[in-house]
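What follows is a set of notes on a single structure, which appears directly below.
The values are calculated or read from the model by the stated rules, or taken from the named source; none is laboratory data. Just so it is clear, the structure is predicted and the values come from calculations on it, not from any experiment. Calculation scope for accessible area: heavy atoms of the full protein, side chains included, ligands and nucleic acids excluded. Shrake-Rupley method; radii C 1.70, N 1.55, O 1.52, S 1.80 Å.
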Amino acid sequence: MTFREVLGKYKNGSATPEEREQVERELEKYDALTEYMMGQELPEMEQPETAAEGELKKIRRNIKRRNTVLVCLAAGVACGVIAAACCFEPAISKQIWYDPTEVYAAPEGDYASQKIDSHIAVRAELTMPELRVSSVHVDEKGMGEYGLSIQQNDLSRGEYSYSYGDVTRDKMELGQDFVLQVCSANVFTRSQYGFREEPSQTGIIRDVESARAVLEKLPEYIRLEAYISLRQDWDMEEFAAFREKLEQGQGGAWVGWTAVRTAPEGTQLFPLAGFQADTGGYILNEVDALYPYYEIILHEDEPMAKVFSEHFKSLLRYIAGNADFYDGVMGYQILDGEMLEYVEKNGVNTYGFVCYGTPQEILRVLEEPDVEGIYVSDSSISVPGL
């Protein structure tokens, strides 16, 4: 009987004890051979798989290492870009957008003024009789954004105050408390066609006689800001002679903003334009070099009639020379471009001015034959010695 037949009987349980013993001996041999084969052959069979897995792990490690390097490089580049942007952003944005921190070139050792200081100061001097711009502080906020603090001097009270604004990219916004201080058209009798007012006892502009009656009753510790109207235009020779006589007299009276005829009397033109006839404020040598007679105080040894005429023209030339700022950044044209052409042809003449002084000093102004009216816009208390 073959081993297969004996194994069949072993499996169906019909094998004799001798046959079961024979099969179990054979099975024991098979188990021994299997254990031997597993111990000898299995490692050789696993070698290719282990090597493949090792290569795969090596590849994965390389990929992971490369990705880590790439991530670190990307993070480094990003940090570098951010750092560069933070470092160079002010310089870059100033090349792209309007830069209110730009300064005029000044000789070595001299103070270099910001252009925006004189930009806004010229705008104020030409159209705002009652204040003088002292300086503009610029606060850089980044990405073409700036905050502005405009220091201004109230000429009537001698007090400083601030107005605020912003620059965003190429546009400027100033506070209404600053923008709306342009000269009113009805404070002089012969300023703008359609806004003229005859001097009277009850109107805004008082006639000389009724004004004199009021001024004579006022105490001398009051200081007045008064718009003086002329019945006919004065040229700068007449105006300079009057100013010298007033300011060389006793007391502290002085002439401030002086209105200038910039168009024929029958022409409607806004805003009213003029200049500050006093010599206060900062001295900007570099601006005066670019626009001669910008600074009155630098030319006081010359005939004042010429100085006043050239000073007003200088202000108009300054506006024309910085049209990108006034028309673009400010967003509107503050003065008609024909003004300079008109005064070049017809001369610089005034139909009125702002005067500061005590009631008695203003009374002396009213004695001038060509004065026909007065509008008192402000008053303050000035105690001598205090």
log10 I(q)/I(0) for region 138-270, Debye formula on C-alpha points only (no solvent), q = 0.17 Å⁻¹, two decimals, reads -1.14
Can you tell me which aspartates and glutamates have their Cα less than 13 Å from the Cα of K141? Leave out same-chain residues fewer than eight positions away. E89, D99, D166
Considering only protein heavy atoms and a probe of 1.4 Å, how much of the accessible area of region 113-162 is carbon and sulfur, as a whole percent? 38 percent
Once ligands and nucleic acids are excluded and a 1.4 Å probe is used, how much of V287 is accessible, expressed in Å² to the nearest 10? 0 Å²
Restricting attention to the alpha-carbon atoms of region 228-386, what are Rg (one decimal) and Dmax (integer), both in Å? 16.7, 48
Carbon plus sulfur fraction of accessible area for region 172-243, probe 1.4 Å, in percent: 50 percent
Report L224's accessible area, 1.4 Å probe, all protein chains in place, as a number in Å² to the nearest 10. 10 Å²
Would you mind computing Rg(Cα) / (2.2 N^0.38 Å) for region 114-164, counting N as its residues? 1.21
Which pairs in the list K313/K345; K245/K313; K306/K345; K94/K171 are over 20 Å apart, alpha-carbon to alpha-carbon? K245/K313
Per the Kirkwood definition applied to all pairs of different Cα atoms, how many angstroms is the hydrodynamic radius of region 250-343? 14.6 Å
Calculate, for the chain, the solvent-accessible area per residue in square angstrom, rolling a 1.4 angstrom probe over the heavy atoms of the protein chains. 56 Å²
Calculate, axis by axis, the spread of Cα positions in region 294-377 along the three principal axes, and write the results as whole Å, longest axis first. 46, 32, 24
Mind checking which lysines have their Cα closer than 25 Å to the Cα of K64? Skip sequence neighbours fewer than 8 apart in that chain. none
In whole Å, largest first, what are the principal axis extents of the Cα atoms in the chain? 160, 48, 45
Take each complete run of DSSP H in the chain, measure how far its Cα atoms stretch along the helix's own axis, and keep only those covering 30 Å or more with mean Kyte-Doolittle hydropathy at least -1.0; list them. 17-96
